[in-house]
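Written out below as structure tokens is the structure these notes cover.
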Amino acid sequence: MSQEEPDIGAPEGATCAEHRDRLAPFKCPRCGRHACLACFHAPVARCVACMKRDPTEASPPLPFEAGDGTLLGRYFRTFGTAFYPWRSAPAFARPGLKPALLFFALSSLPLIMLSGVMPHTRTLWFAAGAIIVQGAPTPEMIAFDVVRAIAVQLGLSAIELLSLLLPFASLVAAYAPERKEAATRLLLYRFWLGPLATLIGQAAEWSLPVSFFDSVDDVTQKLPPAILIAALVQPALRVFQLLAMIAVSRLACGLSVLMSLVVVGVPIALQLLVMPLSGYAADRLLPQAEKPPALQGAPSLDAEPGRH
């Protein structure tokens, strides 16, 4: 066996070191103890006891925080770790919020600003791969409209982040005080998944031809590939964000399965409650948009409020 793939199989008939009445299919390569299914984390090849003692030993630091390679290379490799939530989770037990804040500024903020332009501008309309100017606004009016749209989306995203961060970080600090920074680090490193999901949906809608809107009520009409792809990718990105929160609760913070579901479930429930309300409020505050003549009467496919 290589160092990357340690032997984790226990001898036949072995029993769990914590639960003597259970068979142990695993052997922890770090401490050598036998473990049952409930006492072993297969993705990182460590028993629960070892993970509670030192979760960082089971995973290298996030690429953005590692010292090897160029900063640009470490930046892009960090995006890839989001799709291995269980393997990368122990890295969030490391202390330090400064690199997490920097990565958030370099990854989430640009996506958040871009995702606000399409749903919240009122002088521009994005349709059929084109940008249509509404009325006869001056360049200054268009610039103000775009800046206002970005500001609105920054506010909505700040509300979303806080609705996740405040309960998640508070519950982690209460049940795993020695890992209190793990929840904050996780959300700062993984928040970009949400704005990216939104942008993918917006790009799919923008690519639709006008003919699609003309026959949107035709139930026999085939959905364009872009919509089908977006319908698959958008929820998948959200699921990876959810899995990352659960994995950090379990592997970085040492919480039980039930407790991790509670710690993650509360912020997710709050997010689902707060975001529609804040989006509705923003939509009511902004001027109402009028569709171009070619799209009059067509329903909006936006996931975000703001297009009518």
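Rule-based calculations on the coordinates, nothing more; no lab input. Owing to the predicted nature of the structure, the values given are computational and were not obtained by experimental measurement. Using ideal geometry, Cβ is built from the backbone for each residue, glycine included, and neighbour counts are taken over all protein chains shown.
Under 5 Å between amide hydrogens, built in the peptide plane, is the criterion, and for R46 it picks out H41 among residues at least 5 positions away or on other chains.
Under a Gaussian network description of the chain, with springs only between Cα atoms under 10 Å, the residue in P209, P11, P276 that fluctuates furthest is P11. Distances between placed amide hydrogens fall under 5 Å for A127 paired with I132, all partners being 5 or more residues away or on another chain.
Look at the dipole of the chain built from charges on Cβ: of F40, V264, T70, the Cα furthest out on the positive end belongs to F40.
Using a Cα distance threshold of under 25 Å, what count of lysine pairs results for the chain when pairs must be 8 or more residues apart or interchain? Going through the chain pair by pair, I get 5. The computed Cα extents along the principal axes in Å for the structure shown corresponds, within (1) 56, 44, 40; (2) 62, 40, 39; (3) 76, 45, 38, to (3). Sorted ascending by nearby beta carbons within 10 Å, beginning with the fewest, S157, S278 become S278, S157. Charge dipole of the chain (Cα centre as origin; +1 on each Lys and Arg Cβ, -1 on each Asp and Glu Cβ, all else neutral): 920 debye, rounded to the nearest 20. A simple packing score, the average count of other Cβ atoms within 10 Å per residue, orders the peptides 164-174, 128-138, 19-29 as 164-174, 19-29, 128-138, with the highest score first.
Rounded to 0.05, the FRET efficiency of the T138 and D68 pair, given R0 = 51 Å and the Cβ-Cβ distance, is 0.50.
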